[in-house]
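Working notes, beginning with the structure itself.
The values are calculated or read from the model by the stated rules, or taken from the named source; none is laboratory data. Owing to the predicted nature of the structure, the values given are computational and were not obtained by experimental measurement. All Cβ positions, glycine included, derive from the backbone under ideal geometry; neighbour counts span all protein chains shown. Side chains included, ligands, DNA and RNA excluded: accessible areas come from the protein's heavy atoms. Shrake-Rupley method; radii C 1.70, N 1.55, O 1.52, S 1.80 Å.
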Amino acid sequence: MSNMIQSPELQAALNANTPSQKLRELVKSKSKNIRLAVAQNPNTPPDIFVELFPEFPIQILNNPIIDLLLLEKPNFLEELYYPSRDVNPLMASKSINPFRIDGLPLFFIEWAAKHPDVYIRYDVARGKNIPHRILENFAQDKDENVRIGVAGNEYTPSYILEQLAEDQDIDVREKIAANQSTPSFILERLAEDEDVVVKVNIARNLNTPVHTLELLSQAENLDIDIQVSLVENQNTTSQILETLAQDGSSGIRSDIARHAKASINILELLSKDESEDVRSQVAGNKNTPLKILELLAEDLSSVVRRQVAINPVTPVKALEKLAKDESPFVRRNAAENENAPAHILEKLAQDKYGLVRNSVAKNKNTPSYIQQIINSVVKPH
């Protein structure tokens with residue numbers, strides 16, 4: 001702040017001799033710099049520190065007057081902390097955790113780490129730059145919520161996560177499995193856990209080795225949530241998808257049918273699926289071979305044919321057929337297809353349904369002369 005032009009209000013906020021009543025007035029300023037200066041001013045009243053703590057915790061804890069305040073008010077750190085956590089941190093994931101902030105003084109972290117209130121210890125357990133010795137103690141905390149906080153913390157070192165992977169509490173192991181910083185060797189071990197949620201989290205975790213994902217996919221009576229997580233994992237291979245495509249539910253098969261890693265074998269298999277939705281997802285997949293799209297263009301379901309009609313890789317031969325489809329919704333999708341050639345768009349521009357003609361008009365590749373055809377089809381009242 002010393003290098004910037006200082007307003008009279010900012011100068012007053014910085015001045016340690018400014019009366020406390022004046023600082024009370026300045027804290028109402030809309031200027032963040034002025035409020036920051038008030039937080040750093042040793043003459044600021046304690047209740048104003050409490051008010052400003054959620055915004056400037058580092059500056060307040062490093063204020064030179066804090067040591068004296070703690071002598072006068074031993075519970076002052078609690079007065080600072082509790083109003084900043086006006087919700088139960090165990091129930092509200094969006095609540096602010098002051099221990100996730102860089103630069104917290106060690107005395108504040110150590111105070112919180114020894115506090116009898118589990119809410120406070122839980123916050124510390126999920127914190128950033130927490131000394132490892134504190135996390136080690138938390139890994140043995142009698143309250144499972146504190147151990148859960150350590151287990152889910154991406155800054156927890158692997159040797160502590162390895163210890164917690166043996167915890168008797170299921171919720172702790174579930175957090176380890178979900179932690180994106182958990183090393184692969186721990187995830188491999190946890191893949192044998194009997195808890196379904198543990199396996200769901202492992203199936204979703206990007207650190208899980210491919211061979212572990214493959215083993216999970218081959219289990220009998222595989223839980224639907226595990227299947228979903230495997231499909232959604234960006235490291236999932238086409239081999240895993242093929243396994244799930246043969247044994248999964250119709251919802252899973254639909255997810256696989258639109259997957260970018262679905263192989264030709266998978267797409268060919270699912271193109272004959274009994275589920276209309278599965279076939280429609282194959283029809284809309286840009287990786288679906290042209291010969292399969294041509295077959296799906298003749299599917300009995302108009303929902304499937306609509307997806308073929310809108311797919312940008314659908315061959316012209318199939319689009320020509322779809323432009324004559326009995327369903328106006330199929331023809332509309334063909335009209336929206338940006339790869340539809342001019343002769344198809346010209347035909348669709350004369351369609352009796354306005355929704356088809358409008359789609360031709362909105363197609364960015366429609367030539368101007370076809371726009372005139374559309375206008376001529378619309379009769380003035």
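Among residues belonging to the range 290-312 that are polar (S, T, N, Q) and open to solvent by less than 50 Å² (accessible area, probe 1.4 Å), point out the one that is farthest from residue 265 (Cα to Cα).
Among them, the one singled out is 302.
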* Asked: Can you list the helices (runs of 4 or more DSSP H) found entirely within the range 141-197 that contain at least 1 residues being open to solvent by less than 60 Å² (accessible area, probe 1.4 Å) and within 25 Å of residue 117 (Cβ to Cβ)?
  -> 144-151, 158-164, 170-178
* Structure fact -> Among (1) in a loop (DSSP other than H, G, I, E, B); (2) open to solvent by less than 10 Å² (accessible area, probe 1.4 Å), residue 283 falls short only on (1)
* Restricting the search to the range 236-271, which residues are β-branched (Val, Ile, Thr), in a helix (DSSP H, G or I), within 23 Å of the chain's Cα centre (by Cα) and surrounded by fewer than 21 Cβ atoms within 10 Å (Cβ to Cβ)? -> 252
* In the range 120-131, how many residues are surrounded by fewer than 17 Cβ atoms within 10 Å (Cβ to Cβ) and either on the phi > 0 side of the Ramachandran plot or not charged (D, E, K, R) (or both)? -> 2
* Structure fact -> residue 112 fails exactly one of (1) within 16 Å of residue 57 (Cβ to Cβ); (2) at pLDDT below 95; (3) of a type in the set (Gly, Ala, Ser), namely (2)
* Asked: Of the residues that sit in the range 14-73 and are among the β-branched types (Val, Ile, Thr) and open to solvent by 20 Å² or more (accessible area, probe 1.4 Å), which one is nearest to residue 97 (Cα to Cα)?
  -> 58
* Residues that are among the hydrophobic types (A, V, I, L, M, F, W, C) and in contact with a Phe, Trp or Tyr (Cβ under 9 Å, 6 or more places away or on another chain), drawn from the range 112-137 -> 112, 113, 120, 124, 125, 130, 135
* Within the range 332-341, can you find the residues that are open to solvent by less than 20 Å² (accessible area, probe 1.4 Å) and over 15 Å from residue 284 (Cα atoms)? -> 335, 340
* Considering each residue of the range 202-235, count those that are in a helix (DSSP H, G or I), closer than 16 Å to residue 182 by Cβ and open to solvent by less than 20 Å² (accessible area, probe 1.4 Å), and give that number. => 6
